[in-house]
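The values are calculated or read from the model by the stated rules, or taken from the named source; none is laboratory data. Source: prediction; values computed, not measured. Cβ sites come from the backbone with ideal geometry, for glycine too, and all protein chains shown count toward neighbours.
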Amino acid sequence: MRPIFAATLLVLRRELLLALRRPILVVQPLAFFAVVTALFPLGYTPELGKLRAIAPGVLWVGALLASLLALESLFREDAEDGTLEQFALSGQPFALLLGAKTLAHWLLTGLPLTLMAPWLGIALGVPLAAMPGILASLALGTWTLSLLGAVGAGLTLGLRRGGVLLSLLTLPLAVPVIVFGARATELAIAGESLMGPLYLQAALAVLGMTLAPLAAAAAVRIGLE
Amino acid sequence: MTELVVNNLHVFRGERHVLRGVSFALSAGRCLQVTGANGAGKTTLLRSLCGFVEAENAELRWCGRVSTFNDHEYHAELGYLGHDAPLKGDLDARENLCFAVGIRRRVSAADIGAALDEVGARDFADRPVRRLSAGQRRRVAFAQLQLGQSRLWLLDEPTTNLDIAGQHLVRDLLARHLAKGGMAIAATHQTLHLEAALLDRLELAAGASA
Amino acid sequence: MGTTWTWFHRFGSPPHVYRLAGILTPWFAWPAAILIITGLYAGLVLAPPDYQQGEGFRIIYVHAPSAWLSVMIYAVMATAAGIGLIWRMKVAHAAAASCAAIGAWFTVVSLVTGMLWGKPMWGTYWVWDPRLTAQLVLLFLYLGYIALRAGIDDLGRADRASAVLALVGVVNLPIIRYSVEWWNSIHQAPSVMKMDKPSMPIEMLAPLLMMLVGLSLYFAAVLLVRLRAEILNRERQASWIKEVVE
């Protein structure tokens, strides 16, 4: 029996290799994030001063929606071709293997969105000095979002209009992530210390890491029947 | 020696009582062929044996020990091949086998090469799976089964979409597996071309609603 | 231990629950009607108007119990769903399904009464008050649960998937409510409802409690009625149904 760590690493490597073979799928959420961010000045005002005031909300909602787009396919292909069933039969803890897939999803979607955000922020009048804060806050937030979204993806496996249902299920649960994350971003833009909300975000991430993979595993098993 | 005993397996799908008290025993070196009309529950039976579908009140005995369908040790000896081969289209056969079997046990490149040779897939081993025909994909899937070194094979329609050469290959692989002391349960209404002495049969009648 | 289990399993048997629910319903319905009518009369007519907020304050007698119930029903729904998931009791799943619409409606009532309360005071129908916002998110949680159930054709899968969702939701609910309070305090938005419980005179507290208990009993009565209908629907092909219908 393969040790758990090696098996989890193998799953992670496979996800990354698959993404390498089809890079356009990684680019799509990033392009979406950029387009959505660009729509706000067009729909509101070109004044950077005013845009800076709404920048935290715009960046967070954009990152959230872009993440949700990619989450729909987190388990779908593996469910369709039988890979998830092989995971269930492998003798490895199912929740950990799904956790590896979720980590891969974050590395391929959440992390790139995070790295993109400060640059999009510049387009919204956000000062460069805010970059480290925005990076830290979005990194934690998108990771928690990936974990929550994995539960939603498991519940909506194979359903028609699964994408819309997934968003409807995940968005209310993501309210704390947005609230703490946007506040941290706001403080970063103002040049103040954001340790308070950042710690709260870290707490959410830890809670998510302990509970979400178990819930996602239960959800996927139900969907596999 | 009877290795697998299943007693009184009941499965409901929604309101339909699909499997009603299915019971059978399987010894080493034998293959159980499950037949029945479409919708009789052949696939459901295989999936319940894997633990994917919840069974109500079933008794499972594996190698003399009482077990459950979700037991890890039982799973370690199981190899399941469903309708479609669990292969990723963007990876080639070697990579697929490396990842799929690797989470169960360590396999070397040499092992993978030998398995591909045995199923006659060496020629197209380096092409992305999405460019292989159904028959070629099934061969690679059987290579995965071999590499898993599982004692009990659960096969759902193993010879569908295969030409004569493919069907003979399945027969040979199955015969070799049984000769080594392995067991198989195959759900199919096509003939497996195995020696009659090695075959048990189980006919599932289509269940009416409860 | 043996008798506990037989009681537990009898509790999970649909015909038994069906009969029990039918017997219990009037025991909840009549006290509910009495308490609600008395509570409404005491609150809308007898109780003095609030010296700060005037007559409009009276809406609290409907708003506060509805809001409290909407959260409690979610907890009941999640508990029933959890029991159904862990002990594989169909009746528990039926109970959870029956709760969802009731809870959603109580949430809507709390939102509408909250909006009506805010209008005379702030001149607008909606403010991002922490309690109203939290109720709005709770409504989305209910709608998500109902949508997930509706989106899955197989009843068994719908039961189990929505159970997982309800459990995830109930764990998240305190976190969500805390985060909304935190968000509101950061931005110092106006708070619509000031309810200082300790300083509330007995003429106001009594109708409030009457409405709270009355509406809770009302929920129990409606739940039992819906549960019976749900059991009938799920068991419509079972043999015991024919005896009941005759």
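Output the residue which, of all residues in the stretch A:96-127 that are among the aliphatic types (A, V, I, L, M), within 14 Å of chain B (Cβ to nearest Cβ) and out of contact with any Asp or Glu (no Cβ under 9 Å at 6 or more places or on another chain), is surrounded by the most Cβ atoms within 10 Å (Cβ to Cβ).
A:98
Name the single residue, out of those in the stretch C:127-165 being in a loop (DSSP other than H, G, I, E, B) and in contact with a helix residue (DSSP H, G or I) (Cβ under 6 Å, 6 or more places away or on another chain), that is farthest from residue B:16 (Cα to Cα). Outline the logic, then answer.
At the first step, the residues of the stretch C:127-165 found to be in a loop (DSSP other than H, G, I, E, B) are C:127-129, C:152-154.
Then drop every residue that is not in contact with a helix residue (DSSP H, G or I) (Cβ under 6 Å, 6 or more places away or on another chain), which leaves C:127, C:152.
Numbers: C:127: 51, C:152: 17 Å.
The qualifying residue farthest from residue B:16 (Cα to Cα) is C:127.
Would the stretch A:203-212 turn up any residue that is at pLDDT 95 or above, more than 14 Å from the chain's Cα centre (by Cα), facing chain C (nearest Cβ under 9 Å) and buried (at least 23 other Cβ atoms within 10 Å of the Cβ)?
Looking through the stretch A:203-212, none of the residues is at pLDDT 95 or above, more than 14 Å from the chain's Cα centre (by Cα), facing chain C (nearest Cβ under 9 Å) and buried (at least 23 other Cβ atoms within 10 Å of the Cβ).
Residues to consider are A:122, A:134; find the one that is free of Cβ contacts under 8 Å to residues at least 24 places away in the same chain and not hydroxyl-bearing (Ser, Thr, Tyr). Write out each step before concluding.
Numbers: A:134 fails: free of Cβ contacts under 8 Å to residues at least 24 places away in the same chain.
Of the residues listed, the single one that is free of Cβ contacts under 8 Å to residues at least 24 places away in the same chain and not hydroxyl-bearing (Ser, Thr, Tyr) is A:122.
I'd like to verify a number: residues in the stretch B:94-129 that are small (Gly, Ala, Ser) and within 9 Å of another protein chain (Cβ to nearest Cβ), how many? If you could, list the steps in order and put the result at the bottom.
If we filter the stretch B:94-129 for residues that are small (Gly, Ala, Ser), which is where we start, we get B:100, B:102, B:108-110, B:113-115, B:120-121, B:125.
Narrowing further to those that are within 9 Å of another protein chain (Cβ to nearest Cβ): B:100, B:102.
The qualifying residues number 2.
Can you tell me which of (1) farther than 20 Å from residue C:175 by Cβ; (2) facing chain C (nearest Cβ under 9 Å) is the one residue A:153 doesn't meet?
(2)
What helices (runs of 4 or more DSSP H), lying completely within the stretch B:71-155, carry at least 2 residues that are within 19 Å of the chain's Cα centre (by Cα) and surrounded by fewer than 21 Cβ atoms within 10 Å (Cβ to Cβ)?
Values: elements: B:72-76, B:93-102, B:109-118, B:134-148.
Fully inside the stretch B:71-155 and qualifying: B:72-76, B:134-148.
Looking for whichever is over 27 Å from residue C:162 (Cβ atoms) and not hydroxyl-bearing (Ser, Thr, Tyr) here; the options are A:138, A:147. Which one fits?
Working: A:147 fails: over 27 Å from residue C:162 (Cβ atoms).
Being over 27 Å from residue C:162 (Cβ atoms) and not hydroxyl-bearing (Ser, Thr, Tyr) holds for just one of A:138, A:147, which is A:138.
Residues checked against (1) within 20 Å of residue C:113 (Cβ to Cβ); (2) of a type in the set (Phe, Trp, Tyr):
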position: C:37; (1), (2): yes, no
position: C:40; (1), (2): yes, no
position: C:54; (1), (2): yes, no
position: C:61; (1), (2): yes, yes
position: C:65; (1), (2): yes, no
position: C:70; (1), (2): yes, no
position: C:92; (1), (2): no, no
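So residue C:138 passes all but one of these: (1) without any contact (Cβ under 8 Å) to a residue 60 or more places away in the chain; (2) within 14 Å of chain A (Cβ to nearest Cβ); (3) on the phi < 0 side of the Ramachandran plot. Which condition number does it fail?
(1)
Does the stretch A:185-208 contain any residue that is in a helix (DSSP H, G or I), of a type in the set (Val, Ile, Thr) and closer than 22 Å to residue A:37 by Cβ? Write out each step before concluding.
Taking the stretch A:185-208 as the starting set, the residues that turn out to be in a helix (DSSP H, G or I) are A:185-190, A:195-208.
From what's left, of a type in the set (Val, Ile, Thr): A:185, A:189, A:206.
The next check asks that each one be closer than 22 Å to residue A:37 by Cβ; those that pass are A:185, A:189.
Yes - at least one qualifying residue is present in the stretch A:185-208.
Taking residue A:91 as the residue in question, decide whether it is in contact (Cβ under 8 Å) with a residue 12 or more places away in the chain, part of a helix (DSSP H, G or I) and not aliphatic (A, V, I, L, M). Break it down into steps so the answer makes sense when it comes.
Values: in contact (Cβ under 8 Å) with a residue 12 or more places away in the chain: yes; part of a helix (DSSP H, G or I): no; not aliphatic (A, V, I, L, M): yes.
The answer is no for residue A:91.
Can you say whether residue A:163 is in contact with an Asp or Glu (Cβ under 9 Å, 6 or more places away or on another chain) and more than 14 Å from chain B (Cβ to nearest Cβ), as far as the supplied structure shows?
Working: in contact with an Asp or Glu (Cβ under 9 Å, 6 or more places away or on another chain): yes; more than 14 Å from chain B (Cβ to nearest Cβ): yes.
So residue A:163 fits the description; yes.
Residue by residue through the stretch C:107-135, note down the ones that are farther than 27 Å from residue C:216 by Cα and either in contact with a His (Cβ under 7 Å, 6 or more places away or on another chain) or within 14 Å of another protein chain (Cβ to nearest Cβ) (or both).
Hit for the stretch C:107-135 is C:128, nothing else.
Residues in the stretch B:52-77 that are out of contact with any helix residue (DSSP H, G or I) (no Cβ under 6 Å at 6 or more places or on another chain) and within 13 Å of chain A (Cβ to nearest Cβ): how many? Give the derivation first.
Going residue by residue through the stretch B:52-77, those that are out of contact with any helix residue (DSSP H, G or I) (no Cβ under 6 Å at 6 or more places or on another chain) are B:54, B:56-61, B:63-66, B:68-74, B:76-77.
With the extra rule that they be within 13 Å of chain A (Cβ to nearest Cβ), the set shrinks to B:54, B:69-74, B:76-77.
Residues flagged as out of contact with any helix residue (DSSP H, G or I) (no Cβ under 6 Å at 6 or more places or on another chain) and within 13 Å of chain A (Cβ to nearest Cβ) within the stretch B:52-77 amount to 9.
Examine the stretch C:229-242 for a residue that is touching a Gly at 6+ places or on another chain (Cβ under 7 Å), surrounded by 13 or more Cβ atoms within 10 Å (Cβ to Cβ) and at pLDDT below 95, and state whether such a residue exists. Quick ask: steps written out before the conclusion?
Just the residues of the stretch C:229-242 that are touching a Gly at 6+ places or on another chain (Cβ under 7 Å), to begin with: none.
No, every residue in the stretch C:229-242 fails to be touching a Gly at 6+ places or on another chain (Cβ under 7 Å), surrounded by 13 or more Cβ atoms within 10 Å (Cβ to Cβ) and at pLDDT below 95.
Please find, within the stretch A:166-190, the residue that is nearest to residue A:77 (Cα to Cα) out of those that are within 8 Å of chain C (Cβ to nearest Cβ), in contact (Cβ under 8 Å) with a residue 12 or more places away in the chain and not charged (D, E, K, R). Lay out the reasoning, then the answer.
As a first pass, look at the stretch A:166-190 and keep what is within 8 Å of chain C (Cβ to nearest Cβ): A:168-169, A:171-173, A:175-176, A:179-180, A:183.
If we keep only those that are in contact (Cβ under 8 Å) with a residue 12 or more places away in the chain too, we end up with A:169, A:171, A:173, A:176, A:180, A:183.
With not charged (D, E, K, R) added as a condition, the list becomes A:169, A:171, A:173, A:176, A:180.
Working: A:169: 21, A:171: 23, A:173: 25, A:176: 30, A:180: 33 Å.
Checked the stretch A:166-190; the qualifying residue nearest to residue A:77 (Cα to Cα) is A:169.
Is there a residue being away from chain A (no Cβ under 14 Å), among the β-branched types (Val, Ile, Thr), without any contact (Cβ under 8 Å) to a residue 12 or more places away in the chain and in a strand (DSSP E or B) anywhere in the stretch B:35-51?
Checked against the condition, which is being away from chain A (no Cβ under 14 Å), among the β-branched types (Val, Ile, Thr), without any contact (Cβ under 8 Å) to a residue 12 or more places away in the chain and in a strand (DSSP E or B), the stretch B:35-51 yields no hits at all.
Can you tell me which residue in the stretch A:1-51 is surrounded by the fewest Cβ atoms within 10 Å (Cβ to Cβ), limited to those that are more than 14 Å from chain B (Cβ to nearest Cβ) and under 30 Å from residue B:99 (Cα atoms)? Lay out the reasoning, then the answer.
So the first thing to find is which residues in the stretch A:1-51 are more than 14 Å from chain B (Cβ to nearest Cβ), and the list is A:27-51.
Filter once more, keeping what is under 30 Å from residue B:99 (Cα atoms): A:27-30.
Values: A:27: 10, A:28: 13, A:29: 24, A:30: 16.
In this case the residue turns out to be A:27.
From the list A:223, A:158, which one is facing another protein chain (nearest Cβ under 8 Å) and farther than 25 Å from residue A:59 by Cβ? Show your work before the answer.
Details: A:158 fails: facing another protein chain (nearest Cβ under 8 Å).
That would be A:223, the only listed residue that is facing another protein chain (nearest Cβ under 8 Å) and farther than 25 Å from residue A:59 by Cβ.
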